[in-house]
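Data first, discussion second: the structure below is written as structure tokens.
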Amino acid sequence: MFIVKYIKEVFSGLKSLAIGLRLTLYYFTHHKEIITQQYPDNRETLNLPERFKGEVVMLHDENNEHACTGCTACELACPNGTIKIITKFDIATDGKKKKALDKFVYHLELCTMCNLCIVACPTDAIKMAQTFEHSVYDRSELTKILNKPGSEIREGVE
Amino acid sequence: MWSFSNISKFIDNWLRATFNPIWTMVIEMVIAGVCVIGLFAILGLVLVIMERKVSAWMQIRLGPNRVGPKGMLQSLADTVKLLVKEGMTPAGADKFLFNLAPFIAMMVAMLLMAPIAFAKDFQMWDLNIGVLYVSAVSSIMVISILIAGWASNNKYSLMGAMRSGAQIVSYELSAGLSILSIVVLSGSLNLNDIIQSQADGWWIFKGHIPVIIAFIIFIIAVTAETNRAPFDLAEAESELTAGFHTEYSGMKFALFFLAEYVNVFIVCAIGATLFLGGWMPFHIGHWQGFNHVMDYIPSSIWFFGKTFFLIFLIMWFRWTFPRLRIDQLLNLEWRYLLPISMFNILLVTLMAILGWHF
Amino acid sequence: MIEEIGRTTEGDVMINVGPQHPATHGVLHLVITINGETIKKVEPHLGFIHRSIEKMCESLSYRQFIYVTSRMDYLSSHINNHACALCVEKGLQVEIPSRAQVIRVLMDELTRIASHELWWGAMAMDLGAFTPFFHAFRERESINDIMEETCGARLTMNYMVPGGVMQDIHPNFQRRVKDFIRLYKSKVNEYDELVTGNIIFQNRMKGVGYLSPEDAISYGCTGPPARGSGVSCDIRKLYPYEIYDQLEFDEILETGGDSFARYMVRVREMNQSIRIIEQLIDNIPEGDFQAKTKAVLKLPKGEFYQRVETARGEFGVYIVSEGGTTPYRIKFRSPGFSNLSALDHMVRGSKLGDLVAMMGTLDLVIPDIDR
């Protein structure tokens, strides 16, 4: 019958609306369900996973020594030309000329954090850091030289 | 007791004693105007922060929490931002009408404040056709939206305005009919008389199921009339970017924004007056002790409490439901709400004649 | 009346929807012709986010070009990367360790859920309901956290490499995925309460945007839009890759052909993905996560094609190799492009509000369409 169908339609419609309203009222009254993180305030407690790909850094030990041989594997692996390795020739103790790293130029502004350079590195000299706040006032600040001034290659790394 | 009616009476007596009647009238009008503008500002600030908090909590968010204690001054900061923004008039727009529209929206909202009883014996204009006045003046709102949409010289704005026109004209009917059911029961168009008729119980309790149906229809209809989601087709963010106020910016936009919230407040105040007894405290039959306790709560708190409850209802709808399509919106009115409210008003009339209410 | 639709007459208004419009979710430009509220014609204009990814890939080596594909359909970047890795492996003829295969499938299905979650929220937002968006993001964030822990990124992971995956899964991976399944199962009925069962939503979706099976095939629709019309086109079932032929899951088919059918396909697909994850999460075999490959990859001369099922439909990678270290030509077959082409056909004669709903059900990702 038309009237019965009409009334049924109205009531089933109202019921479906009431179910939705019940759900939003539940969240309105249960504030413990809130999942918002207060980002700039929680900097101290913010734990990013160790694998998070923030930027490429070069590892230096306490003697200011790194493990980069300047082999340019990372430079070749990089899809964007982010890394530029400048090498120099050192005179080793036995008098031979030896190729060594002069400058590890890293363009953060070109980097897509694809991790290919880290995988390509044969001596694990570079790794991904967990920093992610990269905003700067001038673009030139994003071009970084990763090896610290005065640093040398660690003994025994070939 | 400090109540609004005592304060207003004291001011009135003092003015009458000090000045001649004409000056008294002028000064009282100025005071009323300042009070209304002040109320507008406070309402705008309170309702915006309320909406943002309600929506945030329903959406498992925190909401504004930076400006002021617990973010309570956020809307003040927003107002300052809107004040210093440039109010642009697009090229090709009808400059006069474009700038006029937000003021019409504001004026309508201000006019609607006049007959509302905020507390016991505290009313700007005790009009004997208060209900008629409210439903008549609130219809002018659509003119400002139509002007804004047409004068913007923007297709989105025009579509939003046209949608709004169709929507408000339709929903006036069922809103009017559900208001009429209370007029039939109380036998008066005067808002004060309607409140007095609820001294022994609010109409929503006295009037059985027909009044509850009328109340539901009233809430749906006023949600549509104030262009709030799920009936926000005039703005329809995902379809028409911002509808009729797409081209407005700065304070002109803020006036529309404020007018929307004040309109929500007013229709909720009317709903509270008609169905929930306005400033009448909550009384249960013969529980004298309970009724006395309820009487101690000031009447203004009763009024604002009921109004804000209805505002919360409307906000709750907004943050739960998807938007209707334009043909479904009109379908809902002409196929469901109007026949039901017509049938309903017959029932209410029968009830009133036979005296079947409490 | 029907003949009038599609022909421009007096009283028609042309409106530019986009490139900056809240409903296009990107820089899609639609030129629509409307009469009143009725849509007569929709012309999608593309090219605003064209980055010539195919050309870029021609100058990158077979290891390098994979990362670019995550920038196409950024919501199912794992699956795009997967397709490229599979295609290169096809050319290299390497056997992938079974551990890597399981990890890849797990990641694919997690990505599919994450993508559908975002679609669900955005779809509801297109219809004017804002709250579901945030509710969907709660679940999506927990997937993103899992991805972040194992792959090191949340959106463009570059985790699939030729021969396997880049790193082994994180020790916490299994526990967190199980946590996610628990969270998802406790919240999934809220989706029905909030959106699916809602009478307004059903009225908006049912019976609008009808796409017949014949049209779905002739427009080249794949994925949920085609399956909503009853066209069986799940690549995981028809041309199984990795270990999909050993898994138990259903291809979701709806026969309605309207917006609601497409909606239901995606919602039910999420449950199937959960089913796949549940089968695999306790059965990750031990072994290598990557096959041994040469440092410099060289594909033999020839043509290679691999297709996978992304969250949006069939994604194909076509590589022409001249035997060098870089591909001679790469062509991607993106699902969004073909699905978008059916929009005009679907939308003619319906209301302006329906256009937004239909674009939502097609789940358009604009960088995927433009590349």
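Here are a few things to note about the model shown:
- At least 18 Å along the helix axis (C-alpha) and Kyte average at least 0.0, DSSP helices within chain B: B:21-58, B:95-113, B:155-186, B:208-225, B:250-275, B:299-318, B:338-354
- When you filter the GluC sites (Glu not before Pro) in region C:224-271 for DSSP loop state and at most 13 other Cβ atoms inside 10 Å of their Cβ, you are left with C:248.
- Absence of a disulfide-compatible partner, taken as no other cysteine beta carbon within less than 4.7 angstrom, is noted in chain A for A:68, A:71, A:78, A:111, A:114, A:121.
- Solvent-free Debye scattering, log10 I(q)/I(0), computed from the Cα coordinates of the protein assembly as shown at q = 0.07, 0.11 Å⁻¹: -0.69, -1.33
- Peptides C:227-235, C:81-89, C:324-332 ranked from most to least packed, by the mean per-residue count of other Cβ atoms within 10 Å: C:81-89, C:227-235, C:324-332.
- Candidates per trypsin sites (Lys or Arg not before Pro) in region C:34-66, loop by DSSP, up to 13 other Cβ within 10 Å: C:51
- Residue ranges C:19-31, A:79-91, B:237-249 sort as B:237-249, C:19-31, A:79-91 when ordered by packing (mean number of other C-beta atoms within 10 Å per residue, highest first).
- Inter-chain neighbour count for B:228-240: the average number of beta-carbon atoms from partner chains within 10 Å of each residue's beta-carbon is 5.
- Entries in A:53/A:84; A:53/C:90; C:301/C:331; A:53/A:144; C:40/C:331; A:15/B:53 that, when Cα-Cα distance is taken, lie over 22 Å: A:53/C:90; C:40/C:331; A:15/B:53
- Protection-proxy order for peptides B:20-30, C:258-268, A:25-35, each taking the mean of Cβ atoms within 10 Å per residue, highest first: C:258-268, A:25-35, B:20-30
- From least to most packed, judged by other beta carbons within 10 angstrom and beginning with the fewest, A:41, C:145 follow the order A:41, C:145.
- Here each label is just a point 7 Å from Cα along the line to Cβ, and for residue C:189 and residue B:84 those points are 5.2 nm apart.
- Residue mean of other protein chain beta carbons inside 10 Å, C:196-205: 6
- Label-point separation in nm, residue A:100 to residue B:107, each point 7 Å along Cα→Cβ: 8.5
- Across the alpha-carbon set of region C:239-296, the Rg to Rh ratio works out to 1.17, Rh being the Kirkwood radius.
- As a rough footprinting exposure proxy, the listed residues B:262, C:356 were ranked by other beta carbons within 10 Å of their own, and the order from fewest upward is B:262, C:356.
- Residue-averaged [θ]222 nm for chain A, counting only DSSP H segments that reach four residues, each worth -39500 (n - 2.57): -7500 deg cm²/dmol
- Estimated D of region B:86-354 in µm² per second, where Rh is the Kirkwood radius over Cα pairs and Stokes-Einstein applies at 37 °C, 0.692 mPa s: 171
- Straight-distance candidates among the lysines for linking to residue B:252, with alpha-carbon spacing under 23 Å and chain neighbours fewer than 8 residues away dropped: B:81, B:85, B:95, B:155.
- For peptide B:56-66, the mean count of partner chain Cβ atoms within 10 Å of a residue's Cβ comes to 6.
- Exposure proxy ranking for C:249, B:343, based on other Cβ atoms within 10 angstrom of each Cβ and starting from the fewest, stands as B:343, C:249.
- C-alpha long axis of helix C:131-151 to longest principal axis of chain C, angle in °: 20
- According to the calculation over all Cα-Cα pairs in region C:51-370, the P(r) per 10 Å bin from zero is 6, 28, 34, 23, 8, 1 %.
- Projected onto their three principal axes, the Cα atoms of chain A cover extents of 104, 34, 33 Å, largest first.
- Spin-label pair residue C:182/residue B:313, simplified geometry with 7 Å Cα→Cβ offset, distance in nm: 4.1
A short reminder: the numbers here are calculations on the coordinates, not readings from a lab. Owing to the predicted nature of the structure, the values given are computational and were not obtained by experimental measurement. With ideal geometry, Cβ positions are generated from the backbone for all residues, glycine too; neighbour counts draw on all protein chains shown.
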